[in-house]
Structures are given as C-alpha cells and as structure tokens.
C-alpha cells in the first residue's frame, strides 16, 4: 500500500512538472510573438536627482539599437540593450522587459552623487560606491565639494566620513565641503556654520563624528555670545574650540 502511494505521488509530481514546462514553453512562444508598439523609459529619481533624463537613454539606445515601432520581441536582444544602458557613465543599473500589452519597458536607476571633486581643473561626482562619473548638463545637485590635494586615497577617506555621518542620522546635509591639505589633513566645512572643522587624518572616524555631533547638539547652543573660528577634533575625547 505504501509503495503504491509513493508511486502515485511521484507520478503526480511528474505530471505537474510536464504541465508546467508545457505552459512555460507556450508562454515563451507567445511572448516572442508580441509586437512592440510603444517604449516607456522610467528613470527612478531620488531626492530630486535629475542628472539623467529620458533623452539621454534614448540617445544610447537609438545609436546602437534603433527602436522602430512596431517590431517583434523575438527580433530584439534585451540583454544587449541592458548592457548598453548600464555602460552609460551616469547609470547605476537598468532593467528592460516586455509587457503583454506590447510595451517595451526600460527602468533606469541613475547614479546618486554623494560629493563633487573639484581639483586640478577637473570636476566630477563620486557616488556612494566610490565610483567617479561626469557632471550633468541638466542638473547640479547640492553635495559637498572636495578640493585641495585630492587623490584616490583621500577620496575614499572623505567618502568614509560622509557614509558614517549619514548612518548616524544627525543631519544628512550638514557638510558643505572638505579641503585636503598638502600633508593630507582633512578640514571640513558646514552649510549651517562658518567655522572650519579640523578633522585631521581619517582615523577614529566614528569617534570624531560622535564628538562633533554631541558638540553641536549640546554645547553649541550655549555659546551664542561667542564666535567660533575653528573646531579641532584631533584630541582624544575632546573638542577644542578656537574663538575669533
């Protein structure tokens, strides 16, 4: 009796698998016969980031894969189109697919700048992954500017500072810029205050930022009658102020 039940169970599984494969093959054939009559480009914007517009993507696509409607899905290489779009310097990731209604849907996630480098007559953005990408002719986002003796290492150092600061959720848009001195010390500046913040080398980043956060939350509001010129974070467990 048990053997019969086991055989029946496996027979049912095989039948269901066969039905699934048949339906899948049928659906695939039907999708290949879809005639595309429309193309939609959906650019996922984040925090009013308009570095990339629809025409930028159309330009990439039409230069390599002219979209002449109507056309059939089976004559179109989706992977090729995704690769072309992903190679755009301002694109983080793309997704291309067809809908049953005959629409070619292109979803694009643009790179999101976390800071802008301005040094040696060059200017470009750095994204959250530390990748460089060019300025946009369409939009200029408000992000911290990195200047001075800029190189790949101190770009990563400042990126680590910004990431740590954002994770602490004190004030995401606090820093307006960073300057790298000839001896690789980091000076930071804020959108909201005029004093410079001497960060020094990119060591003990979290501890320094926690002290800075506590300083602005608890001590800064009590010194309205004094004007601070400089804040120094290089002393352990201290925030040293220099007044004008």
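The values are calculated or read from the model by the stated rules, or taken from the named source; none is laboratory data. If you're wondering where the values come from, they're calculated on a predicted model, not measured in any experiment. Note that we place each Cβ from the backbone using ideal geometry, even for glycine, and neighbour counts take in every protein chain shown.
Would you confirm, using the coordinates I've provided, whether residue 188 is in contact with a strand residue (DSSP E or B) (Cβ under 9 Å, 6 or more places away or on another chain), modelled with pLDDT of 95 or more and under 23 Å from residue 173 (Cβ atoms)? It is true that residue 188 is in contact with a strand residue (DSSP E or B) (Cβ under 9 Å, 6 or more places away or on another chain), modelled with pLDDT of 95 or more and under 23 Å from residue 173 (Cβ atoms). The residues of segment 87-111 that are closer than 13 Å to residue 52 by Cα and surrounded by fewer than 18 Cβ atoms within 10 Å (Cβ to Cβ), listed by number, are 89, 93, 107, 109. Counting the residues of segment 47-63 that are loosely packed, with under 13 Cβ neighbours inside 10 Å and either modelled with pLDDT of 70 or more or not in a loop (DSSP other than H, G, I, E, B) (or both) gives 4. Any residue that is crowded, with 16+ Cβ neighbours inside 10 Å, modelled with pLDDT under 90, in the same structural domain as residue 142 (by TED's automatic domain parsing) and closer than 28 Å to residue 125 by Cβ - is there at least one of those in segment 216-228? Within segment 216-228, one or more residues are crowded, with 16+ Cβ neighbours inside 10 Å, modelled with pLDDT under 90, in the same structural domain as residue 142 (by TED's automatic domain parsing) and closer than 28 Å to residue 125 by Cβ. For residue 199, the stated conditions do not hold, so it cannot be described as exposed (fewer than 14 other Cβ atoms within 10 Å of the Cβ) and closer than 16 Å to residue 239 by Cα.
In segment 65-72, the condition of being modelled with pLDDT of 80 or more and not assigned by TED's automatic domain parsing to the domain that holds residue 139 is met by no residue. Taking the condition part of a loop (DSSP other than H, G, I, E, B), touching a helix residue (DSSP H, G or I) at 6+ places or on another chain (Cβ under 6 Å) and closer than 30 Å to residue 53 by Cβ, does residue 172 pass? Yes; evaluated as a whole, the condition is true for this residue.
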